Every structure is written in structure tokens, then in C-alpha cells.
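Working notes, structure below.
Only the coordinates and a few stated rules stand behind these numbers; no lab work does. Quick caveat: nothing in here was measured; it's all calculated off a predicted structure. Glycine gets a Cβ as well: all are built from the backbone with ideal geometry, and neighbour counts include every protein chain shown.
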Amino acid sequence: MDWQKELFKEKNLGDVYKSARQFSFSSKDNWMLIVFLIFLFVIVVTWWFFHETTNPSASIMRTTRAMADAGVAFSTSILGFLIAGFAIFSSVTKPDLFIALANIPYKKNSDISRLKYVFFNFLIVFIHYLGFMALCLFTDIFLSEGMPLTKLIGQLTAENLTVRYLIASAGLIVVGVWFASILLLLKGFIWNLYQSVLLAIATEEEMRKAEVRDEN
């Protein structure tokens, strides 16, 4: 495929996510997320058996809302930092280097170019942080105390406190695991950014050597 056509292969963020998710989490990160998921599961089960009240769902929801508040503040600040870094990286890099990166596969027989590898490292983080921020905002706005959706869930589960507890626990686990995943993603992003800089330097050197050969 021509490099220019391959460059515009992805039409939206969904397509980008499908192509870039291979660079998001390592196997070690996945195991850490599984351990954290088990940890949260143990917490909610323990909460059910040892909580002082007969309905611990309210306490779990308060914890989830507090986590969502922290998530909005954290994801907003990190997104601002990442977008600024992305803008600087894109503006200071030579266009000739971008073209060279677009013509070289990231790995042997890979269908992803070095250019997409560099930018996928930014975009996969953007997508996860935007998604997590949207989840936290939804929790803060629509699942706060007194909101219609919160009252509706309360009425539907009024006769079955176990179901209410399961819903609250599921909310806590989803927000908690996603929060942990974006922290791990940020750790991986720092390493991938370092690799991207090295890749750009190596490609620049390859371009310089090619120019020397052409002159000779």
C-alpha cells in the first residue's frame, strides 16, 4: 500500500484505537490490572459482610463519587500536559523526517509505519484519558445524590438491596480499574515516548547516510 494511502487508513478514533491498542498495555500491566481487580472484588465482598449498616451501597457510591472527582481532576491535568507535548513534538519535528518515518515499517513485516507508531503512542493515551474523563463526569453529574437517575435506580432496587449493592460495587470496580489502567498507561507512555525519540534519531541518521551515499 502506498504510504500516503496507509497514512489515512484510520477514519476515526475508533479505527485508531483498534490499530493502536497493541501499544497500550504490556503483559505485566495486564497482570497488575487483574491483581487490582481481585483486590477491589475482595474489598466489596468484605464490605458486604462486615459493614456496620444493613445497606452499604450508599458508602460504596460515596467512595465511587470521590474516586470520580479525583479522576476528573487528574485526567484533565494530564490531558493538558499531553496535548501540549504532542503539539510541541509535532511542530518542531522536520516534515522530511515525518515522511521518512511514514515509509519505514515499525518492525520487519509490520503493517504499521514508524510514523504511526510514534503518533499511536500519543493517541492511545488520549483515547483512554478522554474515555475515563467522560465516565467520571457521567458519575459526577448523573449519579450524584438526588439526581433523577440515582433516584430511579434506588426505586427499582428498593425491594432488593443485594441488586443495589451489586450495581454500586460494579460502578466502584469499573471506575477503580480504569483509574489504575490510565496510571499504568501513563507509565508505559513515558517509555514509549522515549522509544519514539530514539526511533526519530535513528531515522534521522539513516536519512543522513542516504544523502551521503547519493552525493558519492
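Computed quantities for the displayed model
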quantity: Restraint check, K5/K107; K108/K187; K9/K209; K18/K94; K28/K187; K11/K108, Cα-Cα greater than 23 Å; calculated: K108/K187; K9/K209; K18/K94; K11/K108
quantity: Given charges at beta-carbon only (K, R positive; D, E negative), |dipole| of region 1-123 in Debye; calculated: 280
quantity: Computed helical MRE - 222 nm, the chain, DSSP H runs ≥ 4 contributing -39500 (n - 2.57), nearest 500; calculated: -28000 deg cm²/dmol
quantity: Label-point separation in nm, A84 to T150, each point 7 Å along Cα→Cβ; calculated: 3.4
quantity: Theoretical gain in end-to-end length, L161 to V42 [0.36 nm per residue, Cα-Cα removed]; calculated: 40.9 nm
quantity: Distance in nm between pseudo-label sites at R21 and A66 (7 Å out along the Cβ direction from Cα); calculated: 3.3
quantity: For the chain, alpha-carbon Rg over 2.2 N^0.38 Å; calculated: 1.34
quantity: Placed amide H near S113: partners under 5 Å, 5+ positions off or other chain; calculated: Y106
quantity: Kirkwood Rh, Cα atoms: Rg over Rh of region 149-189; calculated: 1.25
quantity: Two-site FRET efficiency, K5 against R208, from Cβ-Cβ distance with R₀ of 25 Å, rounded to 0.05; calculated: 0.35
quantity: Exposed trypsin sites (Lys or Arg not before Pro) absent - longest run of the chain, DSSP non-H/G/I/E/B, at most 12 other C-beta within 10 Å; calculated: 109-216
quantity: Kyte-Doolittle mean at least 1.0, axial Cα span of 30 Å or more - DSSP H helices of the chain; calculated: 27-50, 57-92, 114-142
